[in-house]
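Visitor: The structure is given below, and queries will be raised subsequently.
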Amino acid sequence: MAGNWSVILNRLTKDFDSFRAVNDVNLWVAEGEFFGFLGPNGAGKTTTINMSVGLLKPTYGTAIVAGHDVLTDPLAVKASVGLLPETLNLYERLSAREFIEFAGVMYGLSRSESGGRTEELLELMELTDEADKMIVDYSMGMKKKTALAAALIHDPRVLFLDEPFMGIDAISSRAIRQVLLQLKDRGTTIFFSSHVLEVVERLCTRAAIIQKGIIVAQGTLPELAAAAGLPGDSALEDIFLRLVGADMHEESLSWISSRPSSG
Amino acid sequence: MDQLKTLLWLKWRLTIRAYERSPMRLAGLILVVMILGATSVAIASLCLTGFVGAKPIELTEPQATELLHVLLLGLWCFWLFMPVLGFPLGESCDITKQLVFPIPRMRMFIASILSSAMGVPILFLLPVLGAIIIGFSLRSDVGHVVNTLAGALSALVLALFVLHILSLGQTLLIMLLGVLRSRRYQDMITIFLPFIGVLFFLGFHLVFRATDREGVSIQAIMAAEPSRYLTYTPSGLAAAAIDAASYGEYGRFALFAALLASVTGVVLWLGGHLMQRVYAGEIIDSRRLRRPRTAPARVAAEEPIPRWLRLVPPALLAVTVKELRYLWRDPQMKSALLGLAVPVLWILVASQWRMSGPFMPAIIGGMFIFAGAPLSMNIFGYDREGLHILFLFPSDRRLLLIGKNVLGLVILIGVSTVGVTAAAAWLHQLSVVPRTLPFLVAASLVNVAGGNVASIYFPLRVVARGENPFSRSTEKGCIIHIVRALVFNVMFVATLPIVAGLLTPHFLDLPTLYLVTAPVSIVYGAAVYIIVLPYAASALLQRETQLIEICTASEDV
């Protein structure tokens, strides 16, 4: 059974001093699955992803990614995954072309293969015209596309995406969505963390919702709806709000609600 | 009025918040206040003795006036450029953050002038201003006018002068806002300030030598009558007004004070005008000023690679090339390289003290190698946020280390070779250079090997200028610095066999023995490096997550 799972998180826990950011997370993502990972700000999404790819040491628990334990065989995990982090940690004094090519070689591609794929990725991400400019001078969207290109260059088996559409324009966003769907069709597992619920709703086959470091539900959309006590055809936004408890209280601003309406 | 008070509160809040959150920074501030305060009081006292003609300077009254001109010019220059140089450090300096609020432009400008007077540096101005007021009041006591009137008029002019320099500093800040907000300026200033420090260090030494040799004194400088050139500058107008008041020449006083007031009025008008342009978005658009630095355009796959380089593992080559590019492009790394200039001072000192001997160039070369410790002992610190991506790669960790060490070796061997040659030339001992270089190579290898261990177990986060330095790691910084000092000593002990290889042939008076000790030393250095490397690579793999935690500022959840 374990062979069919690309990502297995088993009792994954992370403490920062006295603060428990991730608490006993258990997750399974099947091979080739487009898996949504949802949660409000500060819920523990990025911490979970960082532990899954070996960038953060769990306080407790294990993560098995692409069949390798991240604690005992971190290099094998890293060779199998691509990561687009929410906070873009790029070598900003390199140009996009230099950086993507550097990433390719570091992932084990030959220099010529890395160079060839870099040109294709630059083209796809519409970065070719600015490819020789230092990344530090890029806009947020361009940086994000550069990071995504670097995450894709070695054709990873599992792709972790942390807020991939934040700061990206509609045209690039569409191009990236198409790439992701192509990857999914080719069997790449995609672990997709986002606030944009409609994108998750449209692309993901299953999803998990995390709040305050705890997984409150995971499954297909109907399964999540059932967990939330809503009809099976409910919108993901309603399900999400119900599961994180945000629909319980109606929020308003006193000085706005007390202002007489102009109509 | 509430807006003005709130803006001043903002400045105060942002200033003290930095110290509230870090006891270490607060301790640093207290230390700075004590040192600079004492320096300021010392300068003020010295000037005061000059103004009143007392020992040790014993200036005549005309010379005291010249000193006043020079002193006010110094203050003018310092306060003119201080806001510009300090801009990247404080977000409170960046008025563009206030542009979203409906604050009238003159109110914002006045708030920026007043808030610039709320910083710590103003404290260092006060003793000097006090010395001028007292000095020129006492001097007038010799027989011209009632000293309290001269003191009051001096205080009035100095208040005007302070308003002038604060408003001029803020006007310059607004004028250059587009440039100051650009990445290129931030890069430039990162290198510029340490560079100024090094230049000051060396310049002070050279001036000290020149005055020592030529017998140049402060009296001689004052005798050159700098006031002839300075009277109609803003600082000169203030000095001339104070001088006139001290002699009871009220007509001359009124003339110079009125001129200073006019200049200040023009500056205030200019500042307000520029503020209006900032409001209109005409100044802060740095993109018009920025010419992005681009790497030479190329298609990677078509670029030929030398045959011998094809034998090098691609990942090793990629890391080495990346490190070299960073050395060229990262201002933090360039700034760290300036630390290598410190041994240059030793060359000067050695020549001044007539220090010589066959090992002096080697000693200076060794100093260059150990001056490179901040780079070699913190090889991951300069990657900062990039460590996330570096450690995400599945490459053999030995290749990562070697790739980074190539840069370290190039720097250490290159700089120490240049240093030894320069020192030997300066000391007229060029013949010792060839026999010294192999030992420097060996010592560099040991240094780099030890640096790997220090970098993995005791890394430090490199904090960029203007960046928020608060992190868990900085609070532990003191202990880490002590431990790193111990590692540094261990590295020094590990180089003792190499030192022995250098000394033995000399003391045995057997120069041919160098033919044995030189290669043996290199073999020893290489052996230390090779033995340490796999151990360091294994430790690196184990400690990558801790390194990320310490060396980066990311606190995402």
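Visitor: Just checking, does segment B:498-507 include any residue being at pLDDT below 80, in a helix (DSSP H, G or I) and either in contact with a helix residue (DSSP H, G or I) (Cβ under 6 Å, 6 or more places away or on another chain) or not assigned by TED's automatic domain parsing to the domain that holds residue B:414 (or both)?
Guide: No, there is no match, as no residue in segment B:498-507 is at pLDDT below 80, in a helix (DSSP H, G or I) and either in contact with a helix residue (DSSP H, G or I) (Cβ under 6 Å, 6 or more places away or on another chain) or not assigned by TED's automatic domain parsing to the domain that holds residue B:414 (or both).
Visitor: Hey, another quick one. So which of B:409, B:427, B:399 ends up being hydrophobic (A, V, I, L, M, F, W, C), surrounded by fewer than 22 Cβ atoms within 10 Å (Cβ to Cβ) and within 14 Å of chain A (Cβ to nearest Cβ)? Give the derivation first.
Guide: On the way: B:409 fails: within 14 Å of chain A (Cβ to nearest Cβ); B:427 fails: within 14 Å of chain A (Cβ to nearest Cβ).
Of B:409, B:427, B:399, the one residue that is hydrophobic (A, V, I, L, M, F, W, C), surrounded by fewer than 22 Cβ atoms within 10 Å (Cβ to Cβ) and within 14 Å of chain A (Cβ to nearest Cβ) is B:399.
Visitor: If you check B:280, B:315, B:254, which single one turns out to be modelled with pLDDT of 85 or more and loosely packed, with under 15 Cβ neighbours inside 10 Å?
Guide: B:254
Visitor: Of all helices (runs of 4 or more DSSP H) completely enclosed by segment B:59-144, which ones contain at least 1 residues that are of a type in the set (D, E, K, R) and at pLDDT 85 or above? Show your work before the answer.
Guide: Numbers: elements: B:61-86, B:105-116, B:121-140.
By residue number, B:61-86.
Visitor: If residue A:60 satisfies every condition in (1) within 7 Å of chain B (Cβ to nearest Cβ); (2) surrounded by fewer than 21 Cβ atoms within 10 Å (Cβ to Cβ); (3) over 28 Å from residue A:135 (Cβ atoms) but one, which is the exception?
Guide: Here residue A:60 meets the rest and fails (1).
Visitor: Mind checking which pairs have a first residue in segment B:520-533 that is part of a helix (DSSP H, G or I) and a second that is aromatic (Phe, Trp, Tyr), Cβ under 7 Å, 6 or more apart or different chains?
Guide: B:521/B:439
Visitor: If you don't mind, there's one more thing I want to ask. Take residue A:60 and tell me if it is closer than 30 Å to residue A:246 by Cβ and of a type in the set (Phe, Trp, Tyr). Give the derivation first.
Guide: Details: closer than 30 Å to residue A:246 by Cβ: yes; of a type in the set (Phe, Trp, Tyr): yes.
Against the criterion (closer than 30 Å to residue A:246 by Cβ and of a type in the set (Phe, Trp, Tyr)), residue A:60 qualifies.
Visitor: A further question follows. Considering only segment A:114-125, I want to know if a residue exists there that is β-branched (Val, Ile, Thr) and either buried (at least 17 other Cβ atoms within 10 Å of the Cβ) or more than 14 Å from the chain's Cα centre (by Cα) (or both).
Guide: Step one: filter segment A:114-125 for residues β-branched (Val, Ile, Thr), giving A:118.
From what's left, either buried (at least 17 other Cβ atoms within 10 Å of the Cβ) or more than 14 Å from the chain's Cα centre (by Cα) (or both): A:118.
Yes: segment A:114-125 contains one or more residues that are β-branched (Val, Ile, Thr) and either buried (at least 17 other Cβ atoms within 10 Å of the Cβ) or more than 14 Å from the chain's Cα centre (by Cα) (or both).
Visitor: Tell me, please, whether a residue that is assigned to a helix (DSSP H, G or I), within 14 Å of another protein chain (Cβ to nearest Cβ), closer than 25 Å to residue A:50 by Cα and at pLDDT below 90 can be found in segment B:456-472.
Guide: Narrowing segment B:456-472 to residues assigned to a helix (DSSP H, G or I): B:456-457, B:472.
The next check asks that each one be within 14 Å of another protein chain (Cβ to nearest Cβ); those that pass are B:472.
Now drop any that are not closer than 25 Å to residue A:50 by Cα, which leaves B:472.
Restricting the remaining residues to those that are at pLDDT below 90 gives B:472.
Yes - at least one qualifying residue is present in segment B:456-472.
Visitor: For segment A:57-75, enumerate the residues that are assigned to a loop (DSSP other than H, G, I, E, B) and under 23 Å from residue A:188 (Cβ atoms). Let's see the steps before the verdict.
Guide: Filtering segment A:57-75 down to residues assigned to a loop (DSSP other than H, G, I, E, B) leaves A:57-59, A:66-67, A:70-73.
Of everything in segment A:57-75, those that are assigned to a loop (DSSP other than H, G, I, E, B) and under 23 Å from residue A:188 (Cβ atoms) turn out to be A:66, A:67, A:70, A:73.
Visitor: Let me ask something additional. Identify, please: which residue in segment B:365-390 is surrounded by fewer than 24 Cβ atoms within 10 Å (Cβ to Cβ) and not in a helix (DSSP H, G or I) and is, among those, farthest from the other protein chains (Cβ to nearest Cβ)?
Guide: Only one residue tops the list, namely B:378.
Visitor: Taking the criterion of being in the same structural domain as residue B:318 (by TED's automatic domain parsing), touching a residue at least 40 places away in the same chain (Cβ under 8 Å) and touching a Gly at 6+ places or on another chain (Cβ under 6 Å), would at least one residue in segment B:420-427 satisfy it?
Guide: Yes, because at least one residue in segment B:420-427 is in the same structural domain as residue B:318 (by TED's automatic domain parsing), touching a residue at least 40 places away in the same chain (Cβ under 8 Å) and touching a Gly at 6+ places or on another chain (Cβ under 6 Å).
Visitor: Could you check residue A:18 against (1) in contact with a strand residue (DSSP E or B) (Cβ under 8 Å, 6 or more places away or on another chain); (2) away from chain B (no Cβ under 12 Å) and say which number it fails?
Guide: So the condition that residue A:18 fails would be (1).
Visitor: Taking segment A:76-96 as the region of interest, how many residues are over 21 Å from residue A:64 (Cβ atoms), at the interface with chain B (Cβ under 7 Å from one of its Cβ atoms) and not in a loop (DSSP other than H, G, I, E, B)?
Guide: The number of residues fulfilling the criteria is 1.
Visitor: Name the single residue that is nearest to the chain's Cα centre (by Cα) among those in segment A:104-113 being at the interface with chain B (Cβ under 7 Å from one of its Cβ atoms) and hydrophobic (A, V, I, L, M, F, W, C).
Guide: A:106
Visitor: Restricting attention to segment B:13-39, which residues are over 20 Å from the mean Cα position of the chain (by Cα) and either of a type in the set (S, T, N, Q) or outside the structural domain of residue B:131 (by TED's automatic domain parsing) (or both)?
Guide: Result: B:15, B:22.
Visitor: Which condition number in (1) in a helix (DSSP H, G or I); (2) within 7 Å of another protein chain (Cβ to nearest Cβ) is the one that residue A:42 fails?
Guide: All conditions pass for residue A:42, except number (1).
Visitor: Of (1) surrounded by fewer than 20 Cβ atoms within 10 Å (Cβ to Cβ); (2) over 28 Å from residue A:15 (Cα atoms); (3) without any contact (Cβ under 8 Å) to a residue 60 or more places away in the chain, residue A:205 satisfies all except one. Which?
Guide: Only one criterion in (1) surrounded by fewer than 20 Cβ atoms within 10 Å (Cβ to Cβ); (2) over 28 Å from residue A:15 (Cα atoms); (3) without any contact (Cβ under 8 Å) to a residue 60 or more places away in the chain is unmet by residue A:205, namely (3).
Visitor: Shifting gears a bit: Which of the residues that make up segment A:114-134 are hydrophobic (A, V, I, L, M, F, W, C) and either at the interface with chain B (Cβ under 7 Å from one of its Cβ atoms) or in contact with a Pro (Cβ under 7 Å, 6 or more places away or on another chain) (or both)?
Guide: Taking segment A:114-134 as the starting set, the residues that turn out to be hydrophobic (A, V, I, L, M, F, W, C) are A:121-122, A:124-125, A:127, A:131, A:134.
Result: A:134, single match.
Visitor: Another question, then. Filter segment A:128-169 down to residues that are assigned to a helix (DSSP H, G or I) and farther than 14 Å from residue A:90 by Cα, then give me how many there are.
Guide: First, the residues of segment A:128-169 that are assigned to a helix (DSSP H, G or I): A:128-130, A:135-137, A:140-152.
Adding the requirement that they be farther than 14 Å from residue A:90 by Cα leaves A:128-130, A:152.
Going through segment A:128-169 one residue at a time, the tally reaches 4.
Visitor: Within segment B:505-557, take every residue that is within 14 Å of chain A (Cβ to nearest Cβ) and of a type in the set (Asp, Glu) and give me the one that is surrounded by the fewest Cβ atoms within 10 Å (Cβ to Cβ). Break it down stepwise before answering.
Guide: So in segment B:505-557, the residues within 14 Å of chain A (Cβ to nearest Cβ) come out as B:537-557.
Retained after the next criterion (residues that are of a type in the set (Asp, Glu)): B:544, B:549, B:555-556.
On the way: B:544: 24, B:549: 21, B:555: 12, B:556: 16.
If we take residues in segment B:505-557 being within 14 Å of chain A (Cβ to nearest Cβ) and of a type in the set (Asp, Glu), then B:555 is surrounded by the fewest Cβ atoms within 10 Å (Cβ to Cβ).
Visitor: Considering only segment B:441-463, how many residues are under 25 Å from the mean Cα position of the chain (by Cα) and within 17 Å of residue B:385 (Cα to Cα)?
Guide: The total comes to 6.
The values are calculated or read from the model by the stated rules, or taken from the named source; none is laboratory data. Predicted model only: the values in this text are computed from it and were never measured. Using ideal geometry, Cβ is built from the backbone for each residue, glycine included, and neighbour counts are taken over all protein chains shown.
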